Amino acid sequence: MDLAEADTRVLDAAEELFYERGVQVVGMDEIRAASGVSLKRLYQLHPSKSDLVRAYLERRDTRWRADLARYVEGRPVGEERLLAVFDRLYRWFSEPSFRGCAFVNSFGELGAVHPAVAEAARAHKNAFRDYLAALLEDAGKPAALTAPLLLLAEGAMVTAAVSGTPEPAREARQAAAFLLAAAHYPATADA
């Protein structure tokens, strides 16, 4: 097995175990066993568990954002793309393996003591914010809606994980639709 294949197997195992059970509880020996990669090779690829966690989060970020973009870009430019973000969240929340946001989960476990985890979580959330801002710009909507839409999406992720139902995505979508509709009407001054 070459290094690339071994790394893929290690990262696949790490992602499954870390996401399902948490980063702190999963040891390197469990990753070795699940991946079928020797401990020596595993440590050649990732010299520490910290390095493996960083690689897992970076890989997950790349895939998650690409999946979201693929889904959203299948919709017409404008409000439909913004609302499609919440439709994609609903599909994700409906997956049997859904355990919430890997970045929030990892940050909750290690963010205070592990700078690389905190940095990966912040980078992921900032990239998501930037994506929403770009969708708003493409739709001709005010940039001021970026933070509220981000809060709706992030709140839906946490609520869906805790409640065990995908419905928060639909509720957040409805709130997002109200915000987008309100952006059509100029604010009136009080007399």
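Every read-out reported here was derived from the displayed coordinates using simple, explicitly stated rules and does not represent laboratory data. The structure presented is a predicted model; accordingly, all values stated were derived computationally and were not measured. Every residue, glycine among them, receives a Cβ derived from its backbone with ideal geometry; neighbour counts consider all protein chains shown.
Check cross-link reach from LYS40 to the aspartates and glutamates: straight Cα distance under 19 Å, and skip same-chain residues fewer than eight apart.
ASP2, GLU5, ASP7, ASP12, ASP29, GLU30, ASP51
Need the C-alpha centroid separation for segment 32-72 versus segment 89-157, integer Å.
Comparing the Cα centres of segment 32-72 and segment 89-157, I get a distance of 19 Å.
With unit charges on the beta carbon (Lys/Arg positive, Asp/Glu negative), name the residue among TRP64, ALA133, PHE86 whose Cα is farthest towards the positive pole of the charge dipole of the chain.
Going by the charge dipole, the pick is TRP64.
Tell me, rounded to the nearest percent, the portion of alpha carbon pairs in segment 1-101 spaced more than 22 Å apart.
Cα-Cα pairs in segment 1-101 separated by more than 22 Å: 41 percent.
What FRET efficiency would be calculated for the residue pair HIS184, ASP29, taking the C-beta separation as r and a Förster radius of 45 Å, to the nearest 0.05?
E between HIS184 and ASP29, to the nearest 0.05, is 0.20.
How high is the relative contact order of the chain, in percent, with contacts defined as C-alpha pairs under 8 Å that are six or more residues apart?
Result for the chain is 21 percent.
Using just the C-alpha positions of segment 54-182 as equal point scatterers, what log10 of I(q)/I(0) does the Debye formula give at each q in 0.20, 0.22 1/Å?
These q points yield log10 I(q)/I(0) values of -1.20, -1.39.
Identify all lysines with a Cα-Cα distance to LYS141 below 22 Å; exclude those on the same chain that are fewer than 8 residues away in sequence.
Here the lysines satisfying the reach criterion relative to LYS141 are LYS125.
Add -39500 (n - 2.57) for each DSSP H run of 4 or more in the chain, then divide by its residues: what number comes out at 222 nm, to the nearest 500 deg cm²/dmol?
Estimated from H runs of four or more residues: -24000 deg cm²/dmol.
With each pseudo-label sitting 7 Å past Cα toward Cβ, what's the GLU73-ASP130 distance in nm, one decimal?
1.6 nm
Using every alpha carbon pair in segment 1-47, what percent of pairs falls into each 10 Å bin from 0 up to the bin containing the largest distance?
Spelled out per bin, shortest first, that is 31, 58, 11.
Let me check I have the definition right: for segment 47-89, take the eigenvalues of the Cα gyration tensor, multiply each by 5, take square roots. What are those semi-axes in whole Å, largest first?
Each semi-axis is the square root of five times an eigenvalue, giving 31, 8, 6 Å.
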